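Okay, structure first, notes after.
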Amino acid sequence: QVQLVESGGGLVQPGGSLRLSCAASGTIFSITYMGWYRQAPGKQRELVATITTGGSTNYADSVKGRFTISRDSAKNTVNLQMNSLKPEDTAVYYCNTKVRPEATALWTSYWGQGTQVTVSS
């Protein structure tokens, strides 16, 4: 099994910054990507940003230029630096990764429990 533990959410004023972190632990042979999704009340879960083992990144258009994803492959951690936050960034943010627990196992997607980010004055 693989566990994802997120940290760093909270309340911040518009224009402020927050940094989210996620650490993967458990039986991990290899990881193909790590990333963040978010879900606002009444809306579907949406992609925020992902980063592959090779360092390739993908961002939602709504966060480009404001958010930066980074990864420490040796520690199986992923971070999301969020700057210039807006009220519409308010959501529960979920860490996601696709892992192969063993060399011969199938790739499996795992989710964290989520961390609340609220942007409000």
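Points worth noting:
- Residues that are in contact with a Ser or Thr (Cβ under 7 Å, 6 or more places away or on another chain) and either loosely packed, with under 14 Cβ neighbours inside 10 Å or closer than 20 Å to residue 88 by Cβ (or both), drawn from the stretch 8-31: 8, 9, 11, 13, 14, 15, 20
- Test for residue 77: is it under 21 Å from residue 1 (Cβ atoms) and either free of Cβ contacts under 8 Å to residues at least 12 places away in the same chain or loosely packed, with under 14 Cβ neighbours inside 10 Å (or both): no
Matching residues to (1) modelled with pLDDT under 95; (2) within 10 Å of the chain's Cα centre (by Cα); (3) open to solvent by less than 20 Å² (accessible area, probe 1.4 Å):
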{"position": "65", "(1), (2), (3)": "no, no, no"}
{"position": "83", "(1), (2), (3)": "no, no, no"}
{"position": "87", "(1), (2), (3)": "no, no, no"}
{"position": "90", "(1), (2), (3)": "no, no, no"}
{"position": "93", "(1), (2), (3)": "no, yes, yes"}
{"position": "96", "(1), (2), (3)": "no, yes, yes"}
{"position": "100", "(1), (2), (3)": "yes, no, no"}
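- Pick from the stretch 5-29, criterion part of a strand (DSSP E or B) and of a type in the set (A, V, I, L, M), ranking: farthest from residue 121 (Cα to Cα): 24
The values are calculated or read from the model by the stated rules, or taken from the named source; none is laboratory data. Treat the numbers as computed from the prediction; the structure is a model and nothing was measured. Every residue, glycine among them, receives a Cβ derived from its backbone with ideal geometry; neighbour counts consider all protein chains shown. In case anyone asks, the SASA skips ligands and DNA or RNA and just uses the protein heavy atoms, side chains included. Shrake-Rupley method; radii C 1.70, N 1.55, O 1.52, S 1.80 Å.
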